[in-house]
Amino acid sequence: MHLADSLATLMLTPAAGTPMFRQLYEGIKQSVLSGKISPGAQLPPTRELARQLGISRQTVLNAYEHLMAEGYLSGTVGKGTFISRTLPLPARPPKAGNPRALRPLSARGECFVGPQAALNTHEGAPKAFRIGMPGLDLFPFDVWARLEARRWRHPPHELGYSDPIGYLPLREALAGYLGASRGVHCDPGQILITAGSQQALFLIATLLLAPGDAAWIEDPGYRGISASLRAAQAHVCPVPVDGEGISVSSGRTSWPEAKLAYVTPSHQLPLGTTMSLTRRLDLLAWAKENKAWIVEDDYDSEYRYTGPPLASLQSLDQTGSVIYVGTLSKVLFPGLRLGYMVLPPALVDAFVQARAIMDRHAAIVPQIVLADFITEGHFGRHIKRTREAYAERRIALLDAIGTHLAGHLVAGAADAGLQLSATFIRRRDDEALVRRAREKGIESRALSGFYLDRDNARLSGLVLGFAPISVEDIRRAAPALRDVLDE
């Protein structure tokens, strides 16, 4: 096909909102960039192309003029117009669907991709039995809107670039809350505000571990920490969990040289167990002996339904080994993207500087509003209200398991948190069952998916959330889940 014939096939739409000369300009430009028109090719005279396309010569002149100004064309209009020979175009276009064909990721970049680095997201409105979500129906959005509107009426001076460590009144409010509710020993200068706990975990893995350093993780456990550790090119070491929490003796035997241990002592994810005092002291002793770090992820400790509140692991630390990580996603809502770290004093300066390099600081207006939300008492009232509602929803789910699912599942520890795990009485392919349930409009997570090596998972079952759905929806969905399990 000659060049003139090729250009004659360009699709121009007079009725479109884009001017005709702009459409022609884009058509020729894309033909050049895609390699359909080669450098050095002569374009047809403006009158000839105008006749072929059924447009005015002025339209063609305008398109050529724009292409000439941007360097796509050379020559003189009227004396011959050519595609510039100096354009750095590829000899052949890359294969479609392969954006990495020209520039492969670095070895470090490869650690960020693939199924083992993937994190789960939520789609659509909450439905039974979504995990990792609070009840949005219980959040006082009217109060939040009023607090935010009040601030916008008198814009705060902090709307410029602010301190990367976080908004001081918020850090002061969190320090007071954590000391009273979790026994955390800290002052506001040790608290770093992050974009959720996931950013905190990424900073920890990046700053404290060199490539190849060993790090213990709970197995089964939170997939987000293994993704962060892989991104930091650390050696991920799965340590089994039993009824007392992470098995420190197994970790000592298999990876005594580890530099870091990640744990969820107040409410193990996903099994729901609480780390015993003996195990906590053993873990702290190991960290002291080996000059290792402990990351305490206290992701939903606000919600405990039986027994007194538990003190944090950090409150037992005498050597500055524990980094306490918290999130507001489970108490307020995940879209807020606010979390925090309580850092040992020796780490504060380095982490604050790294936080600034990463993204300057967390969004300041949500921090300001949250500080008001806490100091004016709304935060405490919200926790009390949601704890009561979640306790009712938890009982409804336990009743539903006992009534409708007893032939299939046995509920695990359920005295805290926003979800519970239930193991199959007879081992089954939990991933396949989760997919089948999703087709019926029921959400859950496969218990085996929380193991680092799913194919060799010790347990199979379902992790079922109760916090974001009503008692009625729980009771309605349980028979539907039973039907899926009966198939």
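The values are calculated or read from the model by the stated rules, or taken from the named source; none is laboratory data. Since this is a predicted model, take the numbers as computed values, not measurements. Ideal geometry is used to build each Cβ from the backbone, glycine not excepted, and the neighbour counts take in all protein chains shown.
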Problem set entry | Condition met for residue 326 (within 24 Å of residue 228 (Cα to Cα), small (Gly, Ala, Ser) and within 22 Å of the chain's Cα centre (by Cα)) | yes
For this session: Looking at (1) assigned to a helix (DSSP H, G or I); (2) closer than 29 Å to residue 380 by Cβ; (3) in contact with a Pro (Cβ under 9 Å, 6 or more places away or on another chain); (4) among the hydroxyl-bearing types (Ser, Thr, Tyr), find the lone condition where residue 301 falls short.
Result: (1)
Exercise. Exactly one of (1) in a loop (DSSP other than H, G, I, E, B); (2) surrounded by fewer than 17 Cβ atoms within 10 Å (Cβ to Cβ) is unmet by residue 162. Its number?
Worked result: (2)
Problem set entry | Single condition residue 352 does not satisfy, out of (1) of a type in the set (A, V, I, L, M); (2) in contact with a helix residue (DSSP H, G or I) (Cβ under 8 Å, 6 or more places away or on another chain); (3) surrounded by 17 or more Cβ atoms within 10 Å (Cβ to Cβ) | (2)
For this session: Could you tell me which of the residues 467, 478 is surrounded by 20 or more Cβ atoms within 10 Å (Cβ to Cβ) and in contact with a His (Cβ under 7 Å, 6 or more places away or on another chain)?
Result: 478
Problem set entry | Answer residue from region 165-215, given it is among the hydroxyl-bearing types (Ser, Thr, Tyr) and surrounded by 19 or more Cβ atoms within 10 Å (Cβ to Cβ) and is farthest from residue 295 (Cα to Cα) among those | 167
Seminar exercise, completed: Only one of (1) at pLDDT 80 or above; (2) farther than 15 Å from residue 87 by Cβ; (3) crowded, with 18+ Cβ neighbours inside 10 Å does not apply to residue 12, and that is (3)
Problem set entry | Cross-chain or 6+ apart pairs with Cβ under 6 Å, region 364-375 first and touching a residue at least 60 places away in the same chain (Cβ under 8 Å), then acidic (Asp, Glu) | 364/158; 369/148
Exercise. If you go through region 252-280 one residue at a time, how many are farther than 19 Å from residue 418 by Cβ and either under 28 Å from the mean Cα position of the chain (by Cα) or part of a loop (DSSP other than H, G, I, E, B) (or both)?
Worked result: 9
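Residue by residue, here is whether (1) modelled with pLDDT of 90 or more; (2) out of contact with any Ser or Thr (no Cβ under 8 Å at 6 or more places or on another chain); (3) crowded, with 24+ Cβ neighbours inside 10 Å; (4) of a type in the set (S, T, N, Q) holds:
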{"residue": "285", "(1), (2), (3), (4)": "yes, yes, no, no"}
{"residue": "289", "(1), (2), (3), (4)": "yes, yes, no, no"}
{"residue": "293", "(1), (2), (3), (4)": "yes, no, no, no"}
{"residue": "297", "(1), (2), (3), (4)": "yes, no, yes, no"}
{"residue": "309", "(1), (2), (3), (4)": "no, no, no, no"}
{"residue": "315", "(1), (2), (3), (4)": "yes, yes, no, yes"}
{"residue": "318", "(1), (2), (3), (4)": "yes, yes, no, yes"}
{"residue": "324", "(1), (2), (3), (4)": "yes, no, yes, no"}
{"residue": "333", "(1), (2), (3), (4)": "no, yes, no, no"}
Exercise. On the given criteria, is residue 194 at pLDDT 90 or above, out of contact with any Lys or Arg (no Cβ under 9 Å at 6 or more places or on another chain) and among the polar types (S, T, N, Q)?
Worked result: no
Exercise. If you scan region 446-487, which residues turn out to be part of a loop (DSSP other than H, G, I, E, B) and under 23 Å from residue 302 (Cα atoms)?
Worked result: 466, 467, 468, 469, 470
